[in-house]
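Student: I am attaching a structure below and will ask some questions about it afterwards.
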Amino acid sequence: MKSDQGWAGKAPDSKAWKGRRGRSRKAAAAEQDRAAGGPDRRWVDLDGGRKARASVELKLLPRTRRIRAYLRWSDRGRSPARYLGEVHHLTRAENLAEGWGFARAQNLLAEADSDSASWAKNAAVRAVMRANRSRDTGPELRMRSLLHRAGLRYRVNTRPIPALRRTADLVFTAARVAVFVDGCYWHGCPDHHRPSRQNSEFWLDKIAGNRARDQETNQALVEAGWRVVRIWEHEDPVDAAERVAGIVRGITGR
């Protein structure tokens, strides 16, 4: 079983940290893009106004059985690295995503240049596509890890009520608590949502529809005896995990 002290008894399986052998550079870059939430979310600032695209590297410490995440980039022949934190998931994909979450939380990443090579043709489209990452974001994975280490067990990306076509990010079945981690763009965060200037009417209607659906979901679950917890993606994962844990334990008494 995993713990704050690493994997007890034996080292973690290689799939938790080691990349696939023989993969191409293109495949490695695609893996980092997926974990970061898109290639334009991998930039770091250098001196003189320059930028570099970074990667998250996972290293196993054999003696302590810990996996550490580092942010690494290339700068004029050097490869600086910044320690991000320890990760505890069973798969490499989840640990990479959590590493990127650490990097964002520590303000190590920069915005992409508007004229840089990008996965989208303009800033408005990039903003929408970034928000389209609906699950397994860095903050969400970090919160899940903290809750798991706190001894709480839950189901991920499932329907609290099977007959109701609404999926929650975390479901505590015994406590009947459904947790939703809402993206600031798609769900219209009052602090961070910035409407698109292109095709604005379409996107305003889309966001309004999402917010109405959120309210319908809340009402349906509450009427069925569930407690609904909504967390914005910009919230600190530690604070969010503590809030969820307090609610669940307050209901179950454990």
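Student: Could you please find all residues in the range 213-253 being in contact with a Pro (Cβ under 8 Å, 6 or more places away or on another chain), of a type in the set (D, E, K, R) and within 20 Å of residue 158 (Cα to Cα)?
Tutor: Residue satisfying the conditions is 233 alone.
Student: One residue is enough: does the range 112-126 have a residue meeting the conditions open to solvent by 30 Å² or more (accessible area, probe 1.4 Å), of a type in the set (Ser, Thr, Tyr) and at pLDDT 60 or above?
Tutor: No: zero hits.
Student: Does the range 72-89 hold any residues that are within 16 Å of the chain's Cα centre (by Cα) and more than 15 Å from residue 143 (Cα to Cα), and which are they?
Tutor: 84
Student: From 82, 135, 149, 104, which residue is modelled with pLDDT under 85, open to solvent by 40 Å² or more (accessible area, probe 1.4 Å) and within 22 Å of residue 238 (Cβ to Cβ)?
Tutor: 135
Student: Out of (1) within 24 Å of residue 139 (Cα to Cα); (2) modelled with pLDDT of 95 or more, what's the single condition that is false for residue 222?
Tutor: (1)
Student: Picking from 90, 96, which residue would you name as being under 22 Å from residue 27 (Cβ atoms), aliphatic (A, V, I, L, M) and at pLDDT 90 or above?
Tutor: It is 96.
Student: Could you please find all residues in the range 223-238 being open to solvent by 90 Å² or more (accessible area, probe 1.4 Å) and more than 13 Å from residue 180 (Cβ to Cβ)?
Tutor: Scanning the range 223-238 gives a single hit, 223.
Student: Being surrounded by fewer than 19 Cβ atoms within 10 Å (Cβ to Cβ) and touching a Ser or Thr at 6+ places or on another chain (Cβ under 9 Å), is that true of even one residue in the range 186-198?
Tutor: Looking through the range 186-198, none of the residues is surrounded by fewer than 19 Cβ atoms within 10 Å (Cβ to Cβ) and touching a Ser or Thr at 6+ places or on another chain (Cβ under 9 Å).
Student: Still on this structure, I have one more. If I filter the range 13-33 down to residues being in a helix (DSSP H, G or I) and among the hydrophobic types (A, V, I, L, M, F, W, C), which single residue comes out as surrounded by the fewest Cβ atoms within 10 Å (Cβ to Cβ)?
Tutor: Among them, the one singled out is 27.
Student: Among the candidates 165, 230, 144, 254, single out the residue that is out of contact with any Ser or Thr (no Cβ under 9 Å at 6 or more places or on another chain) and assigned to a helix (DSSP H, G or I).
Tutor: Answer to the selection: 144.
Student: What are the pairs with Cβ atoms under 6 angstrom where one residue, in the range 41-68, is in a loop (DSSP other than H, G, I, E, B) and the other, located anywhere, is open to solvent by less than 60 Å² (accessible area, probe 1.4 Å) and of a type in the set (Val, Ile, Thr)? Sequence gap at least six, or different chains.
Tutor: Going by the 6 Å Cβ cut-off, the qualifying pairs are 54/44.
Student: Also, I was wondering about something else. Which one is farthest from residue 28 (Cα to Cα), of the residues in the range 53-77 that are modelled with pLDDT under 90 and of a type in the set (Lys, Arg)? Break it down stepwise before answering.
Tutor: In the first step, residues of the range 53-77 are kept if they are modelled with pLDDT under 90; the result is 61-66, 75-77.
Filter once more, keeping what is of a type in the set (Lys, Arg): 63, 65-66, 76.
Numbers: 63: 27, 65: 24, 66: 23, 76: 21 Å.
Checking each candidate, the answer is 63.
Student: Let me ask you something else. From (1) under 30 Å from residue 106 (Cα atoms); (2) at pLDDT below 95; (3) surrounded by fewer than 18 Cβ atoms within 10 Å (Cβ to Cβ), pick out the condition that doesn't hold for residue 213.
Tutor: (1)
Student: Ok, one more. Residue by residue through the range 239-254, note down the ones that are under 19 Å from the mean Cα position of the chain (by Cα) and open to solvent by less than 60 Å² (accessible area, probe 1.4 Å).
Tutor: Selection gives 240, 241, 244, 245.
Student: Can you say whether residue 72 is crowded, with 19+ Cβ neighbours inside 10 Å and in contact with a strand residue (DSSP E or B) (Cβ under 8 Å, 6 or more places away or on another chain), as far as the supplied structure shows?
Tutor: no
The values are calculated or read from the model by the stated rules, or taken from the named source; none is laboratory data. As the structure is a prediction and not an experimental result, all values here were calculated from the model. In this analysis, Cβ positions are derived from the backbone assuming ideal geometry, glycine residues included, and neighbour counts consider all displayed protein chains. Each accessible area value is taken on the protein alone, full model and side chains, heavy atoms only, with ligands, DNA and RNA left out. Shrake-Rupley method; radii C 1.70, N 1.55, O 1.52, S 1.80 Å.
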